[in-house]
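J.: After the structure tokens below, expect a handful of questions from me.
Derivation of every value follows stated rules applied to the coordinates shown; laboratory data play no part. Predicted model, so just to flag it, every value in this text is computed and none were measured. Note: ideal-geometry Cβ built from the backbone for every residue, glycine included; neighbour counts use all protein chains shown.
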Amino acid sequence: PNLPQPDYLSRLNPEQRAAVEAVDGPLLVLAGAGTGKTRVLTTRFAHILMSGRARPWQVLAVTFTNKAAREMRERVSAILGQPAEGLWLGTFHALCARMLRRHAALVGLQTNFTILDADDQLRLLKQVMEAARIDAKRWPPNGTMGVIQRWKDRGLTPERVTAAEDSDWANGAARALYAAYQRRLVELNAADFGDLLLHVTEILRTNPDVLAEYHRGFRYILVDEYQDTNLVQYLWLRLLAQRPEPLPRNICCVGDDDQSIYSWRGAEIENILRFEKDFPGAQVVRLESNYRSTKPILAAASALIAHNSGRLGKTLRPGRQDAEGERVQVLSLWDSEEEARAVAGRIEQARRDGMPLREIAILVRAGFQTRAFEERMIALGIPYRVVGGAKFYERAEIRDAMAYLRVLNQPADDLAFERIVNTPKRGLGDTALRAMHEIARREAVPLSTAAHLMVERGEALRGKARQALMELMQGFDRWRAALPTEGHVVTTATLLDESGYTEMWKQDRSPEAPGRLENLKELVRALSEFESLAGFLDHVALVMENDENAEGDRCSLMTLHAAKGLEFDMVFLPGWEEGLFPSQRSLDEGGEKALEEERRLAYVGLTRARRIAIVSHAANRRIYANWTSSIPSRFLDELPEAHVTRAGGAAQERSRMVSAPSVFTAGPLASRRARVIEAGAWEVQARPARSDAFAVGDRIFHQKFGYGRITGVDDDKLDIDFEKAGSKRVLDRFVERG
Ligand code: ATP
Ligand code: MG
């Protein structure tokens, strides 16, 4: 019958509509960024419901993030004209958690099992390893956790790990440890994150009746970001989708091989190729019009990704009516501070021109990069949020390091001392810590003094713990003594090393550990922007206090990985330098494979932008007290001149001068992150001592917070009403007359 076309279908182009209407049988949508894959999936969901093919709970829809799931739920509801309820819509983990609660007994769990966080997991595994008498020094528990997680990513229960799959980790004990760890989890009525998929997949594999129930239940399956599924996720999908004849296999996966960026977490791009094999007769639909970005942005992204080999091959055409537009800008800046100033300045300008902050994003390769931008935004009073992670000074390792610095600065800071006295582990048990508090109370002294006393008296301390605590206390004496001569930057670096704190993260094999080490280096770099330790601590206290409510219009800072699937009018892509992006690790690995994943990440970054994309690199970065020059990323050279404007050439010229041209093409050489330009040659000049007094009412300029007027003077501290950053108390050394 010739029914009028529903409204929601008219918002699609013909290829998209075909993908929505081909509801029966397996379908793979393989298409580039911004071609409407997610829109197709959402519309398809609504279409299935609107056409009466299924009830809301008969569709299984998988998104990559919880945020994406929320958005899809909202859009489906909008099309339906009523709230969509009872949906099986969420991430792999959320969906599996729900399934596991229903069938927990089949793997020996109770319905109310707990999901362990990463810390609990590790603590448990440590106990298991201790019981098995495995030397934790030689085989750090984190490494064992990595081996186990990789098995879980591949759907291998301990029983399924064959000799061929076994690892030589822990002298061949890995499989036994894995089995023991899983037993302990069940005893505790707990599951770790990886178990959610592993258990459910195992249940579906071994319980035909349960599988049959889901086969009857789920008539349609929808999967977004399919290129980043790992093996166990794929197995789970395949089990659910391969319904027995005559039930149709209505699975629709959408993805883009050029946006596969999670291989380090076990994602397998081969799942795209497997699809057509496992679902014979699958239709493959390609979408070629990009509705997100302007022509220059698309052209730049396409030219960049063309440098990858082994692509499935796709065409991408501008589909926007207003597709002309500004070229991609490449900014060459002197150092990371200048980069942060340039970016924040442009954000301010855009805001003045009326662009909402939520339409602006800064996408970084590595988490530590956010620090410089955060400080600039605080200074200018630009509200921001860090998506998918904590703000720099709220990250656990930064809080730990700050606690060390607070104790260094002020031995009576009990809160700080408590945080670090047993971090890294120094063998202080609950009894020892209780005794320390007891002494402090009894003698009315700070905890650190109590610790000194305990060491002297040997009270409540075993031999090893006593030794470790003694070393820590002697360390603080030494670092405090070094402060005036060595300076706060060098002393901090020494402290982090000698206290064993840096070492703790070096020993850590979790995927986050390298990022934490980078953050610590960035912290030392931040210190070097200040004249004294006390000045820095005050600054951070002010920065931390600066956070108003999380609501409202804010610009976003996040890693490129976290930006997948999102879009913004204006996107900043800073830090395009060899060794940072592409990352040092990808360069060290040598081969093209790791480099190609970095390039895909660059492609993801560029294609997040609707109208304005600004790429930048700094020619110099500071490492401790030294400056090193950085080589511009090879990806910058891969952007087509016709669609790019380059600015700030001076800095670029300078940095190209220090690197011979051949360096750009030679792999391993290019990876060697620049050379030191005369140590300290570019040290920030020490600010002159101040003799001129400030008075209430003076207009001043502060390095971090900008212009303001003095409302109060208290010795060397000034209360200032800043034009952008609000009222603050700052040290007068950082203030100049404005
Ligand atoms: P990514 O690969 O980045 O996940 P995608 O293929 O999922 O991208 P969408 O996010 O679905 O793309 O769509 C990109 C943008 O284009 C969105 O703002 C979407 O609303 C818009 N869009 C999609 N299809 C059309 C269309 N036919 N007409 C107008 N706009 C469209
Ligand atoms: Mg998408």
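J.: Express in nm, to one decimal, how much length is gained between GLU503 and ILE115 on full extension, taking 0.36 nm for each residue of separation and deducting their alpha carbon distance.
T.: Values: separation 388, 0.36 × 388 = 139.68 nm, distance 2.93 nm.
Value of the extension gain: 136.7 nm.
J.: What shape does the range 114-188 have by the C-alpha gyration tensor, where a ≥ b ≥ c are the square roots of the eigenvalues, rounded means a/c under 1.5, and otherwise prolate means a/b greater than b/c and oblate the rest? Present the calculation step by step, with values, prior to reporting the outcome.
T.: Details: a/c = 1.58, a/b = 1.10, b/c = 1.44.
Because a/c hits 1.5 or more and a/b fails to exceed b/c, the range 114-188 counts as oblate.
J.: Moving on to the next point. Going by amide H atoms built from the backbone, whose H comes under 5 Å of the H on LEU89, apart from near neighbours?
T.: ALA61
J.: Here is a follow-up. Search the structure for amide H atoms under 5 Å from the amide H of ARG554, placed 1.01 Å from N in the peptide plane, and list their residues when 5 or more places away or on another chain.
T.: So ARG554 has HN proximity to ARG358.
J.: Which values of log₁₀ I(q)/I(0), to two decimal places, follow from the Debye formula for the range 394-540 at q = 0.12, 0.17, 0.20 Å⁻¹ with a uniform point scatterer at every Cα?
T.: For the range 394-540 at q = 0.12, 0.17, 0.20 Å⁻¹, log10 I(q)/I(0) is -0.49, -0.97, -1.25.
J.: Right, next: Give a residue-ordered list of calculated ³J(HN,Hα) values for the range 569-582 (Karplus: 6.51 cos²θ - 1.76 cosθ + 1.60, θ = phi - 60°; whole Hz; x for Gly, Pro).
T.: 5, 10, 10, 9, 10, x, x, 7, 9, 4, x, 10, 8, x
J.: Related question: Once fully extended, how much extra length lies between ARG216 and THR628, figured as 0.36 nm per residue of separation less the alpha-carbon to alpha-carbon distance?
T.: On the way: separation 412, 0.36 × 412 = 148.32 nm, distance 6.25 nm.
Contour length minus the Cα-Cα distance gives 142.1 nm.
J.: If eta is 1.002 mPa s and T is 20 °C, what Stokes-Einstein diffusion coefficient results for the chain, Kirkwood Rh from Cα pairs, in µm²/s?
T.: Details: Rh = 28.8 Å.
Rounded to a whole number, D works out at 75 µm²/s.
J.: Which distance in Å, rounded to a whole number, links the C-alpha centroids of the range 149-177 and the range 439-456?
T.: Between the Cα centre of the range 149-177 and that of the range 439-456, the gap is 48 Å.
J.: Okay, next question. Loop-only check: which GluC sites (Glu not before Pro) in the range 21-92 are DSSP coil with at most 13 other Cβ within 10 angstrom?
T.: On the way: sites: GLU21, GLU71, GLU74, GLU85; in loops: GLU85.
Answer in residue order: GLU85.
J.: Test of understanding: what is the full-extension gain from ALA695 to GLN127, defined as 0.36 nm times their sequence separation minus their Cα-Cα distance? The partial results should precede the final answer.
T.: Values: separation 568, 0.36 × 568 = 204.48 nm, distance 6.15 nm.
Length difference between fully extended and current span is 198.3 nm.
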